[in-house]
Each structure stands twice: as structure tokens, then as C-alpha cells.
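See below for the structure under consideration.
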């Protein structure tokens with residue numbers, strides 16, 4: 001058994017293996033997502049999108065890695081995603097994760113671990129944050145949601161009102177198809193990034209960046225109006241397992257995300273993650 005980097009000449013093989021591991025997603029889904037991931041990794045000087053576990057010359061396992069430079073901490077963050085190993089080679093599966101953790105100075109995240117991956121990650125020093133996902137019907141939330149502060153279009157924010165280090169990330173996510181806006185609160189402008197996917201032909205938004213969940217929860221009415229005007233009727237909100245949001249119902253519970261290294265759990269920070277690049 002050996003490991004092999006997944007360069008851009010091996011994206012098709014990666015897509016085929018990911019279909020086998022995650023059959024609810026189509027080959028076209030993985031082909032498109034891997035191209036987006038490869039384009040992002042190139043900007044980071046990373047020629048590979050992850051690692052294959054090889055049995056002789058056949059890929060039998062895969063782990064995708066998404067690196068980025070975090071402007072809030074100045075640290076390198078590597079997000080692990082889409083870990084799969086064929087059952088006959090599961091005994092070697094942990095090698096993929098161990099190899100991905102080679103940079104001792106980086107912060108590592110796994111935002112969507114399977115139960116098996118979560119167990120392996122925990123043994124390798126990852127901390128788990130227990131969460132649930134709430135679902136909000138936005139036409140109703142626009143009427144009854146909290147209305148504490150003021151929503152300001154990203155393009156209308158005064159120069160210098162948002163930390164200059166954050167601006168390239170905000171613009172890049174807008175270019176990637178995300179909705180970027182700001183909340184004016186306490187005399188400051190706070191950026192919020194929402195990603196939109198389509199589930200069963202229905203557009204669904206998720207928050208991928210905000211300085212705190214309180215900021216989002218206190219301004220759901222304004223965010224709901226913005227999304228409804230963009231043709232998005234639903235918002236999936238990832239919150240701590242014990243948190244209550246009025247007029248929302250639990251969609252998924254018993255979930256977690258995991259981190260190895262310094263992390264401020266108050267900040268919603270899924271920039272450049274599989275949420276954005278792979279649309280999972």
C-alpha cells in the first residue's frame with residue numbers, strides 16, 4: 001500500500017472513486033466540484049487536491065484537502081473532506097489522515113465527518129463541537145424573525161469599514177457565487193457570507209462566514225428578506241446542540257465538526273470549505 005498525490009491529471013479517477021464512496025452524488029457532481037477545488041488549490045500553490053491510497057496501481061482510498069490562509073488568525077488552515085476507503089483496505093485508512101496532518105503548524109478542520117472519521121480524528125487529537133442543523137422557512141422568518149440591526153449591501157460599505165485583510169476573501173466568495181452582505185451593528189460593519197445549494201430542486205442557503213451566531217440570529221428577518229428576493233426560500237442554520245432559534249425546526253441532530261489546533265468556536269468560518277467548493 002502506498003500514497004499518491006491527486007494532481008490535476010488524476011481528477012477523473014478521483015471523481016470515480018468518490019462516486020463509489022458517496023453514491024448519493026453523481027459523477028458530474030464530483031467532476032465539477034473537483035475542478036473548482038483544483039482551481040482554488042492552485043491559488044494556494046498546492047498542485048494536489050488530496051491523496052489516494054493505492055493498492056499497487058489502483059486507487060482504493062481518497063482524502064481531499066482544502067488549504068487556505070486564514071486572515072483572522074494569520075494561520076494556515078487545512079480542511080479535510082470526503083474520506084473514503086474501500087472496505088477490503090480499511091485497515092490502512094488511517095494512513096490518509098496521518099499523512100494529511102504533516103504540517104505541525106497548521107490548523108486542521110473536518111466540517112462534515114462521518115461517524116468513523118470522527119472517531120479516527122478524535123484519536124489523532126481533534127476536538128469535537130456538537131451541533132444540530134435548524135431549518136427556517138424564509139418567507140415566514142422575514143415577518144417574525146428578529147430585527148435588531150441594519151443590513152447593508154457589501155458594495156455600499158464605506159472604504160475601510162471592514163478589515164482590509166478580509167476583503168479579498170469576501171470578493172473571492174462573491175466570485176464563487178456566494179451572497180456577501182454586511183450587518184451594521186454597534187457602529188461597525190460585520191460581513192456575512194451565505195452559500196446557496198439546490199436540494200430536491202429547492203434553493204437552500206447556509207451561512208459560511210459570520211463573526212458570531214448571535215449576529216446572525218439577531219438579524220434573521222433582514223437576512224430572510226435578502227434571500228427571498230434572491231429566490232431562496234429556505235435557510236439551514238448550523239447551531240450548538242442546545243441552542244434555540246424561534247420559528248425554526250430541527251432538521252438534523254447528533255452532528256459535530258472537528259478541529260485540531262486553535263479555534264474560536266464563536267465564529268462561523270467555513271470559507272473555502274467543501275460547503276463552497278464542493279457544494280456539500
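Fully extending the segment from residue 267 to residue 26, taken as 0.36 nm per residue of separation minus the present Cα-Cα distance, adds 83.5 nm. The P(r) of the stretch 131-255 has a tail past 20 Å containing 41 percent of all C-alpha pairs.
Pulled fully out, how much extra length does the chain show between residue 57 and residue 250, if you take 0.36 nm times their separation in residues and subtract their Cα-Cα distance?
Gain in length upon complete extension: 65.0 nm.
Take the Kirkwood radius over Cα pairs of the stretch 95-138, plug it into Stokes-Einstein at 20 °C and 1.002 mPa s, and you get 174 µm²/s for translational diffusion. Bridges between two residues of the stretch 145-269, per DSSP, are antiparallel at a rate of about 85%. A viscosity of 1.306 mPa s and a temperature of 10 °C, combined with the Kirkwood radius over C-alpha pairs in the Stokes-Einstein formula, give the stretch 61-182 a diffusion coefficient of 88 µm²/s. Against the longest alpha carbon principal axis of the chain, how many degrees, from 0 to 90 and to the nearest 10, is the axis of helix 27-43 turned? That works out to roughly 80 degrees. Using the Cβ-Cβ distance between residue 124 and residue 212 with R0 = 30 Å, the FRET efficiency computed as 1/(1 + (r/R0)^6) comes to roughly 0.55. For the stretch 12-104, would you read off the P(r) tail past 18 Å as a percentage of all alpha carbon pairs? Of the Cα pairs, 48 percent sit more than 18 Å apart. With contributions of -39500 (n - 2.57) from each DSSP H run of at least four residues, the per-residue ellipticity at 222 nm computed over the chain stands at -8000 deg cm²/dmol. Compared with the dominant Cα axis of the chain, that is its longest principal axis, helix 220-229 is turned about 80°. As a size descriptor, the averaged projected area of the C-alpha convex hull of the stretch 30-80 was calculated at 4.2 nm².
Looking at the stretch 2-125, the DSSP beta bridges with both ends there are about 85 percent antiparallel.
The translational diffusion coefficient of the chain, from Stokes-Einstein at 25 °C and 0.890 mPa s with a Kirkwood hydrodynamic radius over alpha carbon pairs, comes to 124 µm²/s.
With both partners inside the chain, how many of the DSSP beta bridges are antiparallel, as a percent to the nearest 5?
90
Throughout, read-outs are computed from the coordinates displayed, never taken from laboratory work. Just so it is clear, the model here is predicted, and its values are computed rather than measured. Note: ideal-geometry Cβ built from the backbone for every residue, glycine included; neighbour counts use all protein chains shown.
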